[in-house]
Amino acid sequence: MNRQVLRSGDWQVEWEDGGLRRLMWSGVEIASGLYAAVRDRDWGTVPPRIGETVLTETEEMLEFRFACEHVRDDIDFMWRGTVVLAPRRLRFEFDGIARSSFLRNRIGICVLHSMAFAGKAVRAETESGTVSGHFPEAISPHQPFMDIKAMAYEPVPGLAVRMAFGGDLFEMEDQRNWTDASYKTYCTPLRLPFPVKVEAGERIRQTVDIVIDPASDIQPAQPAAHGRPLALTGETVGRLPEIGFCLPKARQPIRSWPG
């Protein structure tokens, strides 16, 4: 495992195997993860091999550069990452190139948001305009926000975070649908057809810019209808299905759900 703690000013982040964990600003968790994924045509994740790393620091900022290779079967993809920590700003750059032709379901950046954000207001800038909502409290079966270009929220009252995404459109999903304790904002909307063929020599670039504003004007969102409590009566109207786990008779691995 390749791991390094990066600190600059009020920032502290953990770099691990090509991605960031626990993005903290002045002791407040801004995001629980920020990383790049290479997913094959079956949604399998191709893990990275880490290459050279270069750390440059000044009194005002920190820059960390690294290289990753994802190689498996017909997939050969490499990218260079850059993390910049500056006062009230974090930038993550993904600059990759395919060294073979292959089919992919997703290549690029994902952001994980803590379940502690449940119910917090979100303002998203999308292709169709600004949308106000919230991180779902009840499990959302559908994407809470789609076609995201930027989003803003408050991890704690009065501290605003704005994330701007470059290189692709992003959308958010509630990962509790797959027993993961987080929300995920990921590149390439699922409404687009997949898998997609990546040609040798094709270049993919994406960025995430995070800006901190201690003076926020984000308005609380109204609870969604599906998040309101239900009134229960004493009348029995039916039975819920039993919930459990199973394995196929052939004991073949169960494929993960697309996400």
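The values are calculated or read from the model by the stated rules, or taken from the named source; none is laboratory data. For clarity, every value in this text was computed on a predicted model and none was experimentally measured. Cβ sites come from the backbone with ideal geometry, for glycine too, and all protein chains shown count toward neighbours.
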Across segment 121-146, what is the total count of residues that are in contact with a Phe, Trp or Tyr (Cβ under 8 Å, 6 or more places away or on another chain) and surrounded by fewer than 19 Cβ atoms within 10 Å (Cβ to Cβ)? 4
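Listed here are the residues, each with its yes/no results for (1) surrounded by 14 or more Cβ atoms within 10 Å (Cβ to Cβ); (2) of a type outside the set (Asp, Glu); (3) within 22 Å of residue 89 (Cβ to Cβ).
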position: 151; (1), (2), (3): yes, yes, yes
position: 175; (1), (2), (3): yes, yes, no
position: 178; (1), (2), (3): no, yes, no
position: 188; (1), (2), (3): yes, yes, no
position: 195; (1), (2), (3): yes, yes, no
position: 198; (1), (2), (3): yes, yes, no
position: 201; (1), (2), (3): no, yes, no
position: 214; (1), (2), (3): no, yes, yes
Residue within segment 38-47 that is closer than 19 Å to residue 88 by Cβ and assigned to a strand (DSSP E or B) present: no
Filter result (farther than 30 Å from residue 46 by Cβ and either touching a His at 6+ places or on another chain (Cβ under 7 Å) or of a type outside the set (Lys, Arg) (or both)) within segment 109-125: 116, 118, 119, 120, 121, 122, 125
Considering only segment 63-75, I want to know if a residue exists there that is assigned to a loop (DSSP other than H, G, I, E, B), in contact (Cβ under 8 Å) with a residue 24 or more places away in the chain and closer than 30 Å to residue 179 by Cβ. yes
When segment 83-120 is checked residue by residue, the ones that are within 19 Å of residue 196 (Cα to Cα), surrounded by fewer than 18 Cβ atoms within 10 Å (Cβ to Cβ) and within 15 Å of the chain's Cα centre (by Cα) are none
Any residue in segment 99-109 that is in contact (Cβ under 8 Å) with a residue 24 or more places away in the chain, of a type in the set (A, V, I, L, M, F, W, C) and touching a helix residue (DSSP H, G or I) at 6+ places or on another chain (Cβ under 8 Å)? no
Can you tell me which of (1) in a strand (DSSP E or B); (2) more than 19 Å from the chain's Cα centre (by Cα) is the one residue 80 doesn't meet? (2)
So residue 19, is it farther than 22 Å from residue 158 by Cα, buried (at least 20 other Cβ atoms within 10 Å of the Cβ) and not aromatic (Phe, Trp, Tyr): yes
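Consider residue 181 carefully, then state whether it is aliphatic (A, V, I, L, M) and modelled with pLDDT of 95 or more. Full working, then the answer.
On the way: aliphatic (A, V, I, L, M): yes; modelled with pLDDT of 95 or more: no.
The answer is no for residue 181.
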Looking at residue 156 and the list (1) more than 19 Å from residue 30 (Cβ to Cβ); (2) over 16 Å from the mean Cα position of the chain (by Cα), which single condition is not satisfied? (1)
